[in-house]
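Data block below; observations after.
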Amino acid sequence: MKVLLMGHPNVGKSVFFNRLTGANVTESNYPGTTVDYTKGWMKIKGEDSELVDVPGTFSLDPKDKAEEVAVTMLRESEDAKVISVIDASKIERGLYLALEIIEEGYPVVIALNMWDVAGDKNIQIDIDNLQRILSVPVVPTTAISGEGIKELVSRLKDAKPVEIDTIIENAGGLT
Amino acid sequence: MAEQSSTGAIYFAILGIVTTAFGLADILVTAGGGEFSYGILEIPGDLFRGGWGGVIVLFAGLFYLSGIRNFGDIHQFAKVVMGSILIWIMAGCDIFAMITESIPSWEEEAGPWFNTLPGFLGTYAPPYSPAVLLLPFSLVVIYYIRKRASGESRGGNSS
Amino acid sequence: MTLGVEERWDLIDKISKATITFGKYRHTLKDAIGELTVKPMTGIPVAIAILYGFWSVFGSFAGFFTDGFFVRLFDAYWLPWLQEIFPGQGGWLYAIMVDAGGIESGEFVLSSNCLESFGVLTSGLFVAIGIVLPAIVIFYLMLALLEDIGYMPRLAVLIDTMLHKIGLHGYAIVPTILSLGCNVPGVTATRILETKKQRFIMMTLLAIFIPCGAQIGIMQDVVPDLMGWILLYLIIGYFIFGYILNKIVPGKAPEFLIDVPPYRRPMLSNIGKKVWGRIAGFFKVAIPFVLLGCAIVGGLYQLGVIQWLGNVLAPVFVGWFGVPAETAGPLIAAFLRKDLAVAQLSVIDMTPYQMVTAVVLVSIYFPCVATFAMMLKEGWKELLGALATLVVVVFVYGGLIHLIGILLGVA
């Protein structure tokens, strides 16, 4: 199985990657630390899975070289699952990319990362409802301290492609 | 709450005035081109520690002074905290410099590699730079940070 | 099926309305301090304090190891011992490996310290381990700390206005700061810039004007009094030529919003890993190059090539740049390692202003070989453009510095 870590710049993809694979990708608290992809291996239920740390991108419509790398990586990995990492305090912007990936037919797990920051900012997110609407697993995480990472990995098996129509229906239709 | 805030405001007003004065003294002494020592206070006269360092101590004082009005407001309080952080940076640098100074013997050819014990301890004896003298007084801000944090976790609106 | 952009945002709006409640947004102390470090009025004093702290700790730490221990170890023990036991004193191998020595009143005399000896095992090892290693350890440690706390993007926002003038957005500070450690990751990091134009400008500027950690370390050690001037000339050059490049290079330099992440408590393990990775890289790449550079320059001296080059280029060096002809040697070493070149410059007899000019020239005249290779990887057209720019910059700016010196009456 191949798993891609995707999301905006500086949402903590590399932190996940290092935690999951035990690798040493440089992580910094600023956007643009990862400009090329890195591959690593992790075990999911005893099975070796390839994990790819993809450079941050805002959408699937690339704006710079690092984003191009990200989009090409996604397109070339047709059978991959995607962990869509979203900054929980800026969830709307993150959902844009997540929806794009879902629409392309990839099975997705959403990690609502920086959960602690969202808490600081007093933002409450109804995870169950979000999960119901999107029909994909949604896991709150704080990657830097490791919270939620185990659950995230265990939910990977529940990831399956979702029709965007289903999501629209669950959300109560478009205006 | 309001009463305690005003105690804090008065405390940091005084600290701010002293800090500003130290900063100005640093700059003036450096501009005058010499060192100045009085009691446990020693003002460095070189361009880096006295000049730039003085500018930063002065900034710290100004942060304190601009933060004391409406001290309870988080944005104002942050300025006071920032004033203390600047002092910590300055004092931290001075203390680190003392530590690195105290260990080697600084002999070039022969003799022991490390400092003698009296020499080692002597490095830490007064006089101290203004930032080091201000350090204990700047730590008071931690008390206010804690008080504010506990006030917030109880759901009190402290701003 | 896929949605249009409008439809997608519409859907997101629906979803977020159903799932997110924004509580009353109370500013935390962290937020308030974050704002203070970004607003110019309060942010600039903080930036000055942080740079001061960086510099002070850097100086104390590097001085502790270099002046406290390594200088004595190398000059009082290692050098005399090698001079004693290495065979063939006065021969070419001895000169390259241990000590080129000097001729005083017709007699061969040995050097008294490791900077003057020019040998691979003496100067080379001393520069690499005695001076540069302590410097980069503390440099990377502090850099990693500032990175992980999250101060860097705030510095970027602060400098943004200035960078806009030279056609780069605040993001450009990331490659620039990385370059202060080593230019190679700096060049790689230009990929986060959006247009070819921006990437080209950034790459060229950092290859020319940004000194790397190793070079800064050695400058701090051998010419501490002149550092301010040298850095000032480099920073001014960065902005002047950035401005000019922005005007003449075709293409766009679009706006970009920077996301400022929250401040975080740095994780020790992460800092440790990062610093260790960079130091390991230093051992693998830098030390061999320093030793090789030492050997090549030593060899060229023995063959008389450097003296010949010095004579041929003397009109340019002495007349145009106002530096002694002997700087030809260090300039060749600079292609391999700039730290080595600065060390070699420091023992040439010249006035302080000539030293400033010579060190600035060494910094700007050519990217070191590792950076060069990295730029080639990013595209040969860009590399050629950067080199063309570089030749112009070296002559114009080098001449300009000389002219300023003449006008100030110090050259």
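No lab work stands behind these numbers, since they all come straight from the coordinates. Predicted model, so just to flag it, every value in this text is computed and none were measured. Positions of Cβ are backbone-derived with ideal geometry, glycine not excepted, and every protein chain shown enters the neighbour counts.
If the Kirkwood radius is taken over C-alpha pairs of segment B:2-152, then at 25 °C and 0.890 mPa s the Stokes-Einstein diffusion coefficient equals 147 µm²/s. Ordered by the count of other Cβ atoms within 10 Å of each Cβ, fewest first, B:Met82, C:Met202 give B:Met82, C:Met202.
Taking the C-alpha atoms only, the angle from helix B:53-67 to the longest principal axis of chain B is near 10 degrees. From its DSSP helices (H runs of at least four residues, each -39,500 (n - 2.57)), chain C gives a residue-normalised ellipticity at 222 nm of -21000 deg cm²/dmol.
Label-to-label distance for C:Glu35 and B:Leu121 is 5.1 nm, based on points extended 7 Å past Cα in the beta-carbon direction. The charge dipole of chain A, taken about the Cα centre with unit charges on the Cβ atoms of Lys, Arg (+1) and Asp, Glu (-1), comes to about 460 debye, rounded to the nearest 20. Could you list the residues of segment C:317-361 with an amide nitrogen less than 11 Å from a label point located 7 Å from the Cα of C:Val305 in the Cα-to-C-beta direction? Correct set: C:332-333. Averaging the Cα positions of each part gives two centres, and for segment B:1-60 and segment A:85-144 these lie 49 Å apart. For C:Val316 and C:Leu231 in the same chain, what is the full-extension length gain: residue separation times 0.36 nm, less their Cα-Cα distance, in nm? Full extension of this stretch gives 28.2 nm more. Label-to-label distance, B:Thr7 versus C:Ile240, with points set 7 angstrom from Cα along the beta-carbon direction: 5.9 nm.
Ranked by the mean number of other Cβ atoms within 10 Å per residue, highest first, peptides C:31-40, A:69-78 order as C:31-40, A:69-78. What's the angle, to the nearest 10 degrees (0 to 90), between helix B:2-32's Cα axis and the longest principal axis of chain B? Computed tilt is about 30 degrees.
All other residues whose Cβ lies under 14 angstrom from that of B:Ala60 are scored, Lys and Arg at +1 and Asp and Glu at -1, for a net of -1.
Ranking B:Ile145, B:Trp113, B:Ala91 by how far each Cα lies toward the positive end of the dipole of segment B:2-152 (charges on Cβ) leaves B:Ile145 at the top.
The H on the amide N of B:Tyr128, modeled in the peptide plane, is under 5 Å from the matching H of B:Leu41, B:Glu42, each at least 5 residues off or on a different chain.
In a fully extended conformation the segment linking C:Leu400 and C:Lys252 would gain 50.3 nm over its present Cα-Cα distance, using 0.36 nm per residue. Extension gain for A:Gln124 to A:Asp165 (0.36 nm times residue separation, less C-alpha to C-alpha distance): 12.1 nm. The simple Förster model, with R0 at 41 Å and r as the Cβ-Cβ distance, assigns B:Ile14 and C:Val285 a FRET efficiency of 0.15. Neighbours of C:Val98 by Cβ distance under 14 Å: Lys/Arg scored +1, Asp/Glu scored -1, total -4. Charge dipole of chain C (Cα centre as origin; +1 on each Lys and Arg Cβ, -1 on each Asp and Glu Cβ, all else neutral): 1640 debye, rounded to the nearest 20. With the highest mean first, a sort of the peptides C:149-156, C:127-134, C:300-307 on other beta-carbon atoms found within 10 angstrom per residue produces C:127-134, C:149-156, C:300-307.
Rg and Dmax of the protein assembly as shown, both derived from C-alpha coordinates alone, stand at 28.9, 97 Å. The mean number of Cβ atoms from other chains found within 10 Å of a Cβ in peptide C:52-64 is 6, as a whole number. For the protein assembly as shown, a simple Cβ point-charge model (Lys and Arg +1, Asp and Glu -1, everything else neutral) yields a dipole of about 1300 debye relative to the Cα centre. When the P(r) is computed for chain A, the part past 21 Å accounts for 43% of the Cα-Cα pairs.
Helix hunt in chain C: which complete DSSP H runs extend at least 15 Å axially by C-alpha with mean Kyte-Doolittle at least 1.6? What comes out of the filter, once short or polar helices are dropped, is C:133-149, C:227-248, C:287-303, C:380-408. When segment A:103-175 is described by a simple charge dipole with +1 on each Lys and Arg Cβ and -1 on each Asp and Glu Cβ, the residue from A:Val153, A:Ala118, A:Ile133 located farthest towards its positive end is A:Val153. For C:Glu84 and C:Val410, what is the calculated FRET efficiency with R₀ set at 56 Å and r taken between the beta-carbons, to the nearest 0.05? For C:Glu84 and C:Val410, the calculated efficiency is 0.85. Extending 7 Å from Cα along the Cβ direction at A:Lys39 and again at B:Ala149 yields two label points whose distance is 4.5 nm. At q = 0.07 Å⁻¹, work out log10 I(q)/I(0) for chain C with the Debye formula, treating every Cα as an identical point scatterer and leaving solvent out; two decimals please. Each listed q corresponds, in turn, to -0.39.
Once the C-beta distance of C:Ile44 and B:Glu107 is scaled by a Förster radius of 56 Å, the resulting FRET efficiency is 0.85 to the nearest 0.05.
Using θ = phi - 60° in the Karplus curve 6.51 cos²θ - 1.76 cosθ + 1.60, the 3J(HN,Hα) couplings for segment A:80-97 round to 7, 9, 10, 8, 8, 8, 10, 6, 4, 8, 9, 5, 5, 5, x, 4, 4, 5 Hz; x is entered for Gly and Pro.
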